[in-house]
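The block underneath contains the structure these notes are about, expressed in structure tokens.
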Amino acid sequence: MGVTTVLENTILGRIAGRVRKSKLLNITLVFLLMVIIAILTSKNFLTKFNIQSVVRDLAFVSIIAIGQSCLLLLGELDLSVGKMSSLSGVLAGLMMVNAGISPAITLVCCLLFGACFGLINGTIITRLRLNAMVVTIGMQGVYGGINLVITKGKAIVNIPQGIQFLGKGNLFGIPLPFVLTLVILAVVLFLTQQTTFGRYIYAIGNNREAVGILGINVDMVRTLTYGLVGALSALTGILMVARLGASQPSIGDSWVMNSIAASVIGGVALTGGIGSPAGAVLGAAIISIIQNMIVLFGVNVYWQTAVSGVVVVLAISFDSVSTIIAAGNSRRKALAKKRT
């Protein structure tokens with residue numbers, strides 16, 4: 001028992017300490033550069049209405065990106081986050097409008113629903129040893145299909161005013177969804193940076209087999225992380241329902257791609273073990289500024305999807321190129337040592 005504890009403290013601590021070296025400073029500088037460019041190129045960027053609009057939109061992508069980044073740290077991802085969000089939002093609308101359940105109880109129930117959706121994804125992936133991408137693509141169809149069966153493609157309107165302040169309200173001039181995003185980010189950062197569970201996430205992403213040898217329940221950590229992602233997806237869906245004042249089946253359609261792009265831009269490695277949820281929020285902010293600049297320049301809003309796709313490809317390409325360069329440098333150093 002003592003040997004296992006020593007191994008865990010030394011190996012996991014060393015791995016976690018090494019892989020937490022993120023690119024937050026560089027990402028922050030890129031973000032500030034984007035802000036400066038936006039200010040210099042558009043006089044409308046710094047208006048109160050525009051800033052509040054950007055920050056409010058940023059909140060929804062950021063919450064999803066925070067959850068997605070946790071999975072990417074494991075070396076996995078969830079492509080059903082958008083459909084989990086929309087289904088949770090539809091269930092919230094049905095509970096409040098059709099069943100007359102209070103917004104507070106509805107919020108709690110839908111968070112539990114979302115966590116269950118995520119746990120279902122994680123259980124299928126871990127128990128059956130299936131590929132996360134393939135499973136979540138399939139579950140995306142399941143959640144989306146249930147959504148359409150329930151709503152028949154129609155929005156649920158007349159959402160109670162008692163919950164709309166979560167999506168439309170401000171706190172000291174700051175959009176409330178963004179305030180909630182900062183709270184969630186603080187909680188998830190504490191979870192990933194200061195707890196044993198968080199160290200396990202980084203270690204599993206870095207070397208899953210080595211962590212399993214130490215006797216750690218790798219599948220449990222993975223499944224619980226999927227549950228966390230499901231709960232955050234549900235919360236995002238409910239916040240969007242509160243903002244729109246209606247439960248729309250199309251909620252979250254663009255969040256999957258943007259959450260992955262935001263995480264990768266923010267320095268989270270697709271191979272796992274490297275990065276931080278804070279970087280994912282900065283990545284989401286960069287994407288939001290780019291999309292806002294497209295609108296301010298009068299470019300067709302449909303180009304936003306194309307731009308998001310380009311950003312994803314460039315971000316993934318940069319990550320892969322960086323990995324290849326680093327591997328090449330390591331090989332050259334190893335060869336140089338052998339020659340000497």
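Derivation of every value follows stated rules applied to the coordinates shown; laboratory data play no part. Since the model is a prediction, treat every value here as computed from it, not as a measurement. Neighbour counts are summed over all protein chains in view; Cβ atoms, including those assigned to glycine, are modelled from backbone coordinates with ideal geometry.
Run lengths n ≥ 4 of DSSP H only: what is the helix-derived mean residue ellipticity at 222 nm for the chain, with -39500 (n - 2.57) per run over all residues, to the nearest 500? Spell out each step's value before the answer.
Working: 15 runs with 254 residues, N = 340.
So the helix-based figure for the chain works out to -25000 deg cm²/dmol.
Taking 0.36 nm per residue of sequence separation and subtracting the Cα-Cα distance, how much length would be gained by fully extending the chain between Lys48 and Leu191, in nm to one decimal?
This chain segment gains 48.1 nm when fully extended.
Please give the contour-minus-distance gain from Arg127 to Asn170: 0.36 nm per residue of separation, less the Cα-Cα distance, rounded to one decimal in nm.
11.1 nm
Pop a pseudo-label 7 angstrom from the Cα along the beta-carbon direction at both Lys338 and Leu40 and give the gap in nm to one decimal.
It is 4.9 nm.
Mind checking which of Pro249, Gly114, Ile63 is farthest towards the positive end of the chain's charge dipole, using Cβ charges of +1 (Lys, Arg) and -1 (Asp, Glu) about the Cα centre?
Ile63
Rounded to the nearest 0.05, what FRET efficiency do Gln161 and Tyr302 have when you use their Cβ-Cβ distance and R0 = 45 Å?
The formula returns an efficiency of 0.85 here.
Under a Cβ-only charge scheme (Lys and Arg +1, Asp and Glu -1), can you give me the dipole magnitude of the chain about the Cα centre, in debye to the nearest 20?
Once rounded to the nearest 20, the dipole reads 960 debye.
Round to the nearest 0.05 the FRET efficiency obtained for Ser330 and Ala104 when R0 = 51 Å and r is the Cβ-Cβ distance.
0.40
With unit charges on the beta carbons (Lys and Arg positive, Asp and Glu negative) and the dipole taken about the Cα centre of the chain, which residue among Gly169, Thr271, Ile156 sits farthest to the positive side?
Of the candidates, Thr271 comes out farthest on the positive side.
Label point 7 Å out from Leu148 along Cα-to-Cβ: which residues of the range 79-118 have amide N under 12 Å?
none
Whole number please: convex hull volume per residue, Cα atoms of the chain, in Å³.
158 Å³
Work through the residues other than Phe117 whose Cβ is under 11 Å from its Cβ and net out their charges, Lys, Arg +1 and Asp, Glu -1.
0
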